[in-house]
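Worksheet: one structure, shown below.
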Amino acid sequence: MTDKRTTEADVVAELRDGMTIGIGGWGSRRKPMTIIREILKSPVRDLTVVSYGGPDVGMLCAAGKVKKVVYGFVSLDSIPLEPHFRAARQNGSIEAMEVDEGMLQWGLRAAAMRVSFLPCRAGLGSAVMEVNPGLKTVRSPYDESEELVAMPALRLDVAIIHANRADVRGNGQYLGPDWFFDDLFCMAAKRRFMSCERIVDTADLLKEGSEQTLKISRMMTDGVIEAPGGARFTSCAPDYARDEELQREYATTPWEEFGPEWLEMS
Amino acid sequence: MTAVASRAEVCAIACAEAWRGDGEIVASPIGTVPTVGARLAALTFSPDLVLTDGDALVVANPLPVGAGPEFSKVVEGWLPFGKMFDLLWWGRRHVMMGATQVDRFGNQNIACIGPWEKPKAMLLGVRGAPGNTVNHTTSYWIPNHSPRAFVEKVDFVSGVGYDRVPPSAAVHEIRVVVSNLGVFDFDTPDHSMRVRSVHPGVTVHEVQAATGFELHADGDVPETRAPTDEELRLIREVIDPQSLRDSEVKA
């Protein structure tokens with residue numbers, strides 16, 4: 001049996017400048033923040049970040065780690081606009097691929113299925129097609145009149161996610177209402193790392209949730225980190241709610257002040 | 001005696017009316033007043049609507065807006081984001097989104113102000129607007145009607161309007177735009193925006209002055225209907241007892 005326990009530092013040691021990393025969670029919900037913190041402390045840069053974005057994207061932008069963001073939105077949920085992502089977009093310091101949130105899912109699914117694209121309707125008619133000149137359309141071989149977006153595969157070098165529970169073998173469990181697209185992020189990536197609130201015995205996984213909560217199979221992960229509170233200040237239902245006070249401080253304090261403080265928190 | 005409805009309550013009725021006749025589909029309201037409207041519609045004239053708690057649970061009992069975790073939900077289903085995407089591609093949904101900008105033909109912008117390459121103001125990003133508008137019915141809610149929101153041309157097309165409908169859209173319907181001043185639709189020969197009704201106390205002139213393009217108006221524009229006594233009771237006592245609607249629409 002492989003014991004996949006590892007540390008944030010060992011995960012980040014695998015990152016190289018220019019890599020494409022996918023980050024699980026959604027907005028300001030269940031983000032692998034202790035791994036993000038370790039990336040911020042590292043020298044790695046020029047990352048392409050694929051995310052249903054929240055403070056993960058904002059912090060990486062603020063710390064100058066980002067070359068490009070692939071997103072449908074970046075939001076702190078209770079605070080709709082992400083201040084550091086906005087600043088990076090507005091001062092032109094990052095590249096962007098902005099697509100419909102369903103297109104993002106389709107891109108991850110294409111990578112997971114090992115096809116170069118998947119057809120979808122989302123995007124047609126919108127300015128998404130104008131600002132992503134690389135986006136092409138495809139005509140149905142079954143119906144000449146049907147022209148769809150060929151959403152390209154979003155292939156990831158590394159995926160990082162945060163789960164409620166996991167075992168040392170890398171099985172992951174979601175106890176909240178939504179596991180978002182964490183499984184697809186893992187299946188789209190070459191290397192996959194999962195932090196979790198608590199590592200439990202495999203035999204105990206069904207003590208807190210049904211078999212339907214076992215969304216991440218050990219085939220989808222290369223490393224597991226036990227990180228209690230590892231999603232803070234984002235939410236991690238049902239273990240804890242978003243720390244709205246800390247999030248507000250993050251959103252209203254210049255990064256030069258907040259960043260060093262946050263890096264020291266654990 | 002009929003109680004007098006506030007502007008927020010009239011807006012809630014106007015939002016509720018957007019879902020009239022929709023049958024058994026998911027109503028996805030974004031924002032407080034649309035949420036009050038959708039829940040009111042489900043409690044009255046559109047009883048088959050499927051409503052979520054704003055998160056992943058489909059809830060069968062009337063959930064007050066802003067209800068805390070102590071409020072007991074009757075859960076009848078589960079719609080995490082992945083399932084919601086499946087469902088919207090299936091078409092059984094009518095969303096009412098916000099819009100930082102909307103134009104004459106119902107194009108909507110929530111992405112950015114100024115050029116996309118280097119925006120003057122980065123907003124949310126397109127979110128699900130491109131997919132929503134080519135897959136199922138979409139409406140918009142704009143609580144601050146002004147020439148900055150109702151513009152001749154949006155800076156970035158997030159939600160697709162009537163002048164850009166792609167041939168492969170499954171359906172395309174921008175049913176209504178509800179603002180704090182009135183209700184607007186695209187029921188004109190060229191699908192340009194029309195004033196369907198003005199809220200009580202608002203004139204067509206005021207609405208036109210607050211709009212950055214010429215609105216279509218057919219003869220005497222009617223008033224948005226007032227809530228019935230029972231609807232007012234439901235809004236005030238059941239759906240929004242904390243009056244959260246008033247923080248979105250000033251009295």
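B:THR44 falls short of the stated requirement of being in contact with a helix residue (DSSP H, G or I) (Cβ under 6 Å, 6 or more places away or on another chain), of a type in the set (S, T, N, Q) and away from every other protein chain (no Cβ under 11 Å). Could we say that B:HIS205 is surrounded by fewer than 20 Cβ atoms within 10 Å (Cβ to Cβ) and of a type outside the set (Asp, Glu) here? In short, yes. Inside region B:152-202, residues that are part of a loop (DSSP other than H, G, I, E, B), among the hydrophobic types (A, V, I, L, M, F, W, C) and crowded, with 16+ Cβ neighbours inside 10 Å make up a count of 10. In the condition set (1) at pLDDT below 95; (2) of a type outside the set (A, V, I, L, M, F, W, C); (3) under 25 Å from A:ALA111 (Cβ atoms), A:GLN173 is compliant with all but (1). In this entry, B:GLY37 passes the filter for residues that are within 25 Å of B:LEU232 (Cα to Cα) and touching a strand residue (DSSP E or B) at 6+ places or on another chain (Cβ under 8 Å).
Evaluate region A:239-261: report whether one residue or more is over 29 Å from A:ASP157 (Cα atoms) and part of a strand (DSSP E or B). Yes. The sole residue among A:SER126, A:SER93, A:SER116 that is buried (at least 23 other Cβ atoms within 10 Å of the Cβ) and among the hydroxyl-bearing types (Ser, Thr, Tyr) is A:SER126. Count of region B:39-60 residues, restricted to those that are in a loop (DSSP other than H, G, I, E, B) and within 17 Å of A:ASP77 (Cβ to Cβ), is 4. Screening region B:118-136 for residues that are of a type in the set (Gly, Ala, Ser) and touching a residue at least 40 places away in the same chain (Cβ under 8 Å) and picking the one that is surrounded by the fewest Cβ atoms within 10 Å (Cβ to Cβ) gives B:GLY128.
The values are calculated or read from the model by the stated rules, or taken from the named source; none is laboratory data. Since the structure is predicted, the reported quantities are computational estimates derived from the model, not experimental observations. When we count neighbours, we look across all protein chains shown, and the Cβ atoms used for this are built from the backbone with ideal geometry, even at glycine.
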